[in-house]
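Down below is the structure, laid out as structure tokens.
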Amino acid sequence: SANKQIDEFKGMDIEGIRKAADDYKSKFEKAQKDAEEKAQAMQFDFALTNALAGAKAKNAKAVKALLDLDSLKLNGEEIVGLKEQIEKVRAENSYLFESDKKAPEVVRPTGGVAPTQTTEEAFGKMGYMARLALKKSNPNLYQELTKKEQ
């Protein structure tokens with residue numbers, strides 16, 4: 001039976017098996033390298049997105065398009081060189097970032113008279129929007145003036 005087993009081994013293509021094993025090994029190493037590169041790219045993208053959110057970018061995609069991504073390197077959780085590039089983009093395209101200044105408050109006109117100082121005469125000249133503003137801001141005064149108007 002040993003001779004029979006040896007004859008079966010003689011019929012096998014050892015070089016073909018070795019070549020197939022080497023092919024599978026190289027495919028495995030390539031797949032492992034590709035997976036590692038994808039994971040690093042995802043980490044870089046996540047860190048970049050977080051950094052842009054921290055810089056108050058209104059549209060991260062638009063800001064990314066203006067960055068030189070090839071010169072940026074991920075070092076742990078920090079991206080080396082990003083701060084300088086963001087400052088440059090902010091200086092050239094400030095509209096892409098939220099302002100630190102408080103937005104102006106929009107106030108509706110009340111017909112030239114403040115709602116708390118409204119007289120009967122001024123109330124009679126007020127338009128609909130001004131009366132509505134008075135009703136919202138000082139309902140008691142509004143009630144008094146409407147009763148006197150009738």
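The values are calculated or read from the model by the stated rules, or taken from the named source; none is laboratory data. Bear in mind the structure is a predicted one, so any value in this text is a computation, not a measurement. Cβ sites come from the backbone with ideal geometry, for glycine too, and all protein chains shown count toward neighbours. These area figures cover heavy atoms from the full protein model, side chains too; ligands, DNA and RNA do not enter into them. Shrake-Rupley method; radii C 1.70, N 1.55, O 1.52, S 1.80 Å.
Scanning the stretch 38-55 for residues that are assigned to a helix (DSSP H, G or I) and touching a Lys or Arg at 6+ places or on another chain (Cβ under 8 Å) yields Leu48, Leu52. Among residues of the stretch 44-55 that are more than 12 Å from Glu77 (Cβ to Cβ), those with a Cβ under 6 angstrom from a residue that is open to solvent by less than 40 Å² (accessible area, probe 1.4 Å), sequence gap 6+ or separate chain, pair up as Thr49/Ala60; Leu52/Ala60; Leu52/Val63; Ala55/Ile86.
Would you call Asp22 more than 41 Å from the chain's Cα centre (by Cα) and part of a helix (DSSP H, G or I)? Judged against the criteria, Asp22 is a match. Checking every residue in the stretch 46-65 against the condition of being open to solvent by 100 Å² or more (accessible area, probe 1.4 Å) and more than 30 Å from Glu98 (Cα to Cα) gives zero matches.
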